[in-house]
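My structure is below; once you've seen it, I'll send some questions.
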Amino acid sequence: MDTISRRNAMLAMGGTLLAGAGVSVPLQARAQESIKLGLLHSLSGTIAIAEASLVDAEKLAIEEINANGGVLGKKIDVVLEDGASENTVFAEKARKLLERDKVAAIIGCYTSASRKAVLPALAASKGLLYYPTYYEGQEQDKHVLYPSQEATQSVVAAAEWLVKEKGKSIFLVGSDYIYPRTCNKIAKQAIAKVGGKVVGEEYAPLGHTEFSSIINKIKAAKPDCIYSTVVGGSNVAFFKQLRAAGLDGNKQVLLSTVVSENEVEGIGRDNAAGYYACMGYFQSLKHPINERFVKAFKAKYGAQRVIGDPMQVAYNSVHLWKLAVEKAKSFEPEKVIAASAGIEMDAPEGKVRVHENNHHVYKKVRVGRARPDGQFDVVWESPELVAPNPFPKF
């Protein structure tokens, strides 16, 4: 039998091909030496200011995992898609990643609307999504792991801290979509519970850039504090116009649950200085794991880059997926999600632990105040890990 005939016979039997003198590699092994992981984020559009940088953190985690032998002996191949700040695009790209690219999991989405837009694709393909953004709770999907804080882990802490430390009258302002409206329902109850009072509630469309009317209402109400859930590029205009109206961080207490160091860079450090944020993570945290993470990120992307909470959770998400895959000894989404329960990780933010049954994560909650250099000084930290409670009863 000639060489071509032997080759064809071996292919027909699922055999091996020669890979060098005296070495043969099973065809199946050659085809499976890598595994695909989908990254799905807005790289363009109004949400890109907050979301695009998550990809950098995810790629750093993937690079670290690949450098240490991959996952179950397979290197991770990245398939990156742009959701373009449009929910219909997110849905389309999720289907493409799951059906055509056959990714093992997706790390992605930022707004709750984009997450909900991909749920049908996840259900149809029995896929798996790691959603790395703080959100309003009220969800537990069997195809989703939620490694960031849900509302009770940020909104309740933020509202209680404001009333106890900064004043009892609170003005609520947010972008007009699921996250801000749900968070404000929770915030109003949390504020009332500790003796505070809501003196105003206003919303602006996503991408809105004219806040003069809302700012006039804030000035008329004279609140002790503003609680903000304005998201994305709108914050550039909102913070700049607050400062121009004499409500900068030295004169007006404002706390946001959606503005991290990364958004501050887009908003402008001068415009954000003095305002507060409630997050699970701040780049300024002083412990060895975070310092190594920050050093590695800056070495890869530049000393001028900053890291915000969603970026760090995006980084964690890749590592949590790896830990669950290795525990499950499988890439099958159903087995990976089952194996996730109880997994612990020493993350840059500190220890995190996946809840036993609700797909969310135990984590610490912190309040920081923005400095003129764009970093935050932590002014409050929960003494223990805060349990996730995505379906709170007040």
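The values are calculated or read from the model by the stated rules, or taken from the named source; none is laboratory data. Keep in mind that this is a model prediction, so the values were computed, not measured. Virtual Cβ from ideal backbone geometry, glycine too; neighbours counted across all protein chains shown.
For residues that are within 18 Å of Leu320 (Cβ to Cβ) and among the polar types (S, T, N, Q), scanning just the range 106-160, find the one that is farthest from the chain's Cα centre (by Cα).
Gln140
What's the total number of residues in the range 190-206 that are under 19 Å from Glu150 (Cα atoms) and either β-branched (Val, Ile, Thr) or in a strand (DSSP E or B) (or both)?
1
I would also like to ask the following. When both residues are 6+ apart or on different chains and their Cβ atoms are under 6 Å apart, which pairs have a first residue that lies in the range 38-66 and is on the phi > 0 side of the Ramachandran plot and of a type outside the set (Phe, Trp, Tyr), and a second that is modelled with pLDDT of 95 or more and outside any helix (DSSP H, G or I)?
Gly45/Ala84; Gly45/Ser85
What is the residue count in the range 340-394 for residues that are of a type in the set (D, E, K, R) and part of a loop (DSSP other than H, G, I, E, B)?
Result for the range 340-394: 7.
What number of residues in the range 254-297 are over 13 Å from Val367 (Cα atoms) and of a type in the set (A, V, I, L, M, F, W, C)?
Qualifying residue count for the region: 9.
Report the residue count in the range 334-370 for those that are over 18 Å from Thr152 (Cα atoms) and β-branched (Val, Ile, Thr).
3
Further question on the same structure: Go through the range 46-105 and report how many residues are crowded, with 22+ Cβ neighbours inside 10 Å, assigned to a loop (DSSP other than H, G, I, E, B) and under 16 Å from the mean Cα position of the chain (by Cα).
Residues in the range 46-105 being crowded, with 22+ Cβ neighbours inside 10 Å, assigned to a loop (DSSP other than H, G, I, E, B) and under 16 Å from the mean Cα position of the chain (by Cα): 4 in total.
Assuming Val231 fulfils every condition listed in (1) surrounded by 19 or more Cβ atoms within 10 Å (Cβ to Cβ); (2) in a helix (DSSP H, G or I); (3) at pLDDT below 95; (4) touching a Phe, Trp or Tyr at 6+ places or on another chain (Cβ under 9 Å) apart from one, which condition is it?
Unmet condition: (2).
On to the next question. I'd like to know if the range 297-308 contains one or more residues that are closer than 18 Å to Glu64 by Cβ, touching a helix residue (DSSP H, G or I) at 6+ places or on another chain (Cβ under 7 Å) and crowded, with 19+ Cβ neighbours inside 10 Å.
yes
Could you please tell me which pairs satisfy a Cβ distance under 7 Å, a separation of 6+ or placement on different chains, a first residue in the range 100-123 that is modelled with pLDDT under 95, and a second residue that is among the aromatic types (Phe, Trp, Tyr) and part of a helix (DSSP H, G or I)?
Thr111/Tyr179; Ser112/Tyr179
Same structure, new question: Show the residue pairs that are 6+ apart or on different chains and have beta-carbon atoms under 6 Å apart, the first residue being within the range 82-95 and without any contact (Cβ under 8 Å) to a residue 40 or more places away in the chain, the second being assigned to a loop (DSSP other than H, G, I, E, B).
Within 6 Å, the pairs are Val89/Gly83.
While we're on this one: Quick check: is even one residue across the range 189-200 of a type outside the set (Phe, Trp, Tyr) and more than 15 Å from Lys168 (Cα to Cα)?
So the first thing to find is which residues in the range 189-200 are of a type outside the set (Phe, Trp, Tyr), and the list is 189-200.
Pick out the ones that are also more than 15 Å from Lys168 (Cα to Cα) and you get none.
Taking every residue of the range 189-200 in turn, none turns out to be of a type outside the set (Phe, Trp, Tyr) and more than 15 Å from Lys168 (Cα to Cα).
Looking at the structure I just gave you, is Val258 part of a helix (DSSP H, G or I), surrounded by 22 or more Cβ atoms within 10 Å (Cβ to Cβ) and touching a residue at least 12 places away in the same chain (Cβ under 8 Å)?
Judged against the criteria, Val258 is not a match.
So, one more: Filter the range 163-196 for residues that are touching a Phe, Trp or Tyr at 6+ places or on another chain (Cβ under 6 Å) and surrounded by fewer than 17 Cβ atoms within 10 Å (Cβ to Cβ); which is nearest to Ser234 (Cα to Cα)?
Residue satisfying both the conditions and the ranking: Asp176.
Only one of these is among the small types (Gly, Ala, Ser), part of a helix (DSSP H, G or I) and touching a helix residue (DSSP H, G or I) at 6+ places or on another chain (Cβ under 7 Å): Ala187, Ala237. Name it.
Every option except Ala187 fails the conditions.
Could you please let me know if Lys142 is farther than 22 Å from Gly308 by Cα, modelled with pLDDT of 95 or more and part of a loop (DSSP other than H, G, I, E, B)? First the steps, then the outcome.
Values: farther than 22 Å from Gly308 by Cα: yes; modelled with pLDDT of 95 or more: yes; part of a loop (DSSP other than H, G, I, E, B): yes.
Criteria met by Lys142.
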